[in-house]
Amino acid sequence: MLTPHGVPWQPFSRSGRFSLNLCSTGSPGEYCFLACVVAAVWFGMGEDLLRLVRRLGQGGLF
């Protein structure tokens, strides 16, 4: 929905697409946005995220 290609209004329809046209895939802006999101998640969940990754690596959450 954020890319110029958009999403169809109805499934399996090629006409009537909806797009916000905010970014294009593969652009440098996309990678900057991804870096900002990763930094925000890391800042907000740092130690908890590390514990979760370690627990997943040891065989799961439960």
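Just a few scattered comments:
- The dipole here belongs to region 7-57: it is taken about the Cα centre, uses +1 on the Cβ of Lys and Arg and -1 on the Cβ of Asp and Glu, and is about 200 debye.
- Considering helices alone, the calculated mean residue ellipticity of the chain at 222 nm is -17500 deg cm²/dmol, with DSSP H runs of length four and up weighted by -39500 (n - 2.57) and normalised per residue.
- Computed Kirkwood radius, in angstrom, where 1/r is averaged over Cα pairs of region 7-57: 14.2 Å
Quick note: the coordinates plus some simple rules give every number you see, no bench work behind them. On a predicted model such as this, the values are computed, not experimentally measured, just so you know. Because the Cβ atoms are built from the backbone with ideal geometry, glycine has one as well, and the counts that use them run over all protein chains shown.
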